[in-house]
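The structure appears below as structure tokens.
Each value in this text was obtained by applying a stated rule to the coordinates, not by laboratory testing. Values in this document were obtained by computation on a predicted structure and should not be read as measured data. When we count neighbours, we look across all protein chains shown, and the Cβ atoms used for this are built from the backbone with ideal geometry, even at glycine.
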Amino acid sequence: MTTDHSPIPRQLWIKQRCIALETQFNGRIGRAAFAIRFLPLLAVLALAYWNGLQTPPRVAAWIAAPLAAVAFYLALLVLSHRFHDLGQSGANLLQIILPGFVWLWVGGDMMAKLPPSIWIGAAIVLAVWPAIVILRLCFQARQPNASNP
């Protein structure tokens with residue numbers, strides 16, 4: 001009694017997706033390609049944030065929230081790819097995410113508890129640091145000793 005263990009098409013598709021995920025960083029994106037990929041995603045995220053501040057929102061939440069979630073995920077992918085191209089760890093994404101988190105969700109509590117001079121200085125650093133990191137990603141040349149071709 002023999003059984004055929006050939007994979008079904010769904011298994012082949014999953015295998016191809018896994019291989020594509022493992023090899024996604026084999027290619028490089030340059031500075032211009034990074035900007036072309038990242039800036040539209042940043043614009044979508046900024047518009048989603050602005051939409052949330054509107055009363056009433058210009059776009060319904062059931063449309064804006066999934067669009068913002070997809071844009072956020074794609075932005076993280078593009079940023080981690082660029083960090084990888086520069087020979088750095090994807091953990092550097094924390095330089096962008098943590099200041100944004102503190103700015104958006106902790107800022108009101110921080111402003112209430114700290115003197116204005118300290119809070120304003122902290123707010124400036126939290127607002128400027130992610131922008132500096134993103135500009136560095138846009139303008140820094142690829143490292144010649146990076147591990148991938």
Discussion item. Take residue 28 and residue 50, extend 7 Å from each Cα along the Cα→Cβ direction, and tell me the distance between the two endpoints in nm.
Written reply: 3.6 nm
Item to complete: Give the angle, between 0 and 90 degrees and rounded to the nearest 10, that separates the Cα long axis of helix 61-85 from the longest principal axis of the Cα atoms of the chain.
Response: 70 degrees
Worksheet item: Ranked by Cβ crowding within 10 angstrom, fewest neighbours first, how are 89, 6 ordered?
Response: 6, 89
Worksheet, complete the sentence: Here the FRET efficiency for residue 60 versus residue 140, based on Cβ atoms and R0 = 35 Å and rounded to 0.05, is 0.35
Fill in: ³J(HN,Hα) computed for each position of the stretch 113-124 - Karplus, 6.51 cos²θ - 1.76 cosθ + 1.60, integer Hz, glycine/proline x
9, 9, x, x, 5, 6, 5, 5, x, 5, 5, 5
Worksheet item: Can you put 85, 109 in order, fewest other beta carbons within 10 Å first?
Response: 109, 85
Worksheet item: Using alpha-carbon pairs under 8 Å, 6+ residues apart, how would you state the relative contact order of the stretch 29-139 in percent?
Response: 30 percent
Discussion item. For 133, 70, which order do you get if you count the other beta carbons within 10 Å of each Cβ and list the fewest first?
Written reply: 70, 133
Worksheet item: Simple spin-label model, 7 Å along Cα-to-Cβ: residue 111 to residue 94 in nm?
Response: 2.8 nm
